[in-house]
1. With N set to the residue count of the chain, report its C-alpha Rg divided by 2.2 N^0.38 Å to two decimal places.
2. Rounded to the nearest 500, what is the chain's calculated 222 nm mean residue ellipticity when only DSSP H runs of at least 4 contribute -39500 (n - 2.57) each, over all residues?
3. Stretched out fully, how many nm does the piece from residue 15 to residue 95 gain, at 0.36 nm a residue minus the Cα gap?
4. With a sphere of radius 12 Å drawn around the Cβ of residue 47, what net charge do the other residues whose Cβ falls strictly inside it have (Lys, Arg +1; Asp, Glu -1)?
5. Report, by chain and number, residues whose modeled amide H sits under 5 Å from the one on residue 58, excluding near sequence neighbours (fewer than 5 apart, same chain).
6. Kindly write out, for the range 7-18 in residue order, the coupling ³J(HN,Hα) from the Karplus curve 6.51 cos²θ - 1.76 cosθ + 1.60 (θ = phi - 60°), rounded to whole Hz, with x marking Gly and Pro.
7. If you place +1 on the Cβ of every Lys and Arg, -1 on the Cβ of every Asp and Glu, and leave all else neutral, what size is the dipole of the chain about its Cα centre, to the nearest 20 Debye?
8. Would you mind calculating the relative contact order of the range 2-125 from Cα pairs under 8 angstrom and at least 6 residues apart, reporting the percent as a whole number?
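Rule-based calculations on the coordinates, nothing more; no lab input. Keep in mind it's a predicted model, so treat the numbers as computed, not measured. Note that we place each Cβ from the backbone using ideal geometry, even for glycine, and neighbour counts take in every protein chain shown.
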Amino acid sequence: MAKIQLFACLTIQALDIDAIRIDKSIQVTVDAIATWATHTRGCAQKVGKKNFMITGEVTGGDTFGSLYIGRGRQPNQRPSYPVAANLTGAASESQYFLRDSGKNGIDARLIPSICLGRVTSMCIVGPR
């Protein structure tokens, strides 16, 4: 993990990038993605990038994808709409998430858009 984290930091510094896309992000465990992404965002902030974005290709539906996005969520952790509209990320709201505040996975998932049997584009889907 340390080598991959270092490589991400060097890439941000050398190429001045604002985002990273992880191809086949479900090939990595949920915890490993969150550890790497949190470290990578920290490196980006050190060079003044406060809105660094990490996207990943996640197939398998919303239930599976929600494990990888942000702090992660299982179906039984989904709040009602009035509660969801007022979430602030406070530690007291941890019952709605898998990971602690500050330890996020990817920011959005990319899903293939299929037309006539072939992949024609990628669509960004944010957290639900």
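1. Ratio of Rg to 2.2 N^0.38 Å for the chain: 1.11.
2. -9000 deg cm²/dmol
3. 24.9 nm
4. +2
5. Under 5 Å from the amide H of residue 58: 110.
6. So the J values, rounded to whole Hz, are 4, 4, 5, 5, 5, 4, 5, 6, 9, 6, 7, 10.
7. 40 debye
8. About 26 percent, as a whole number.
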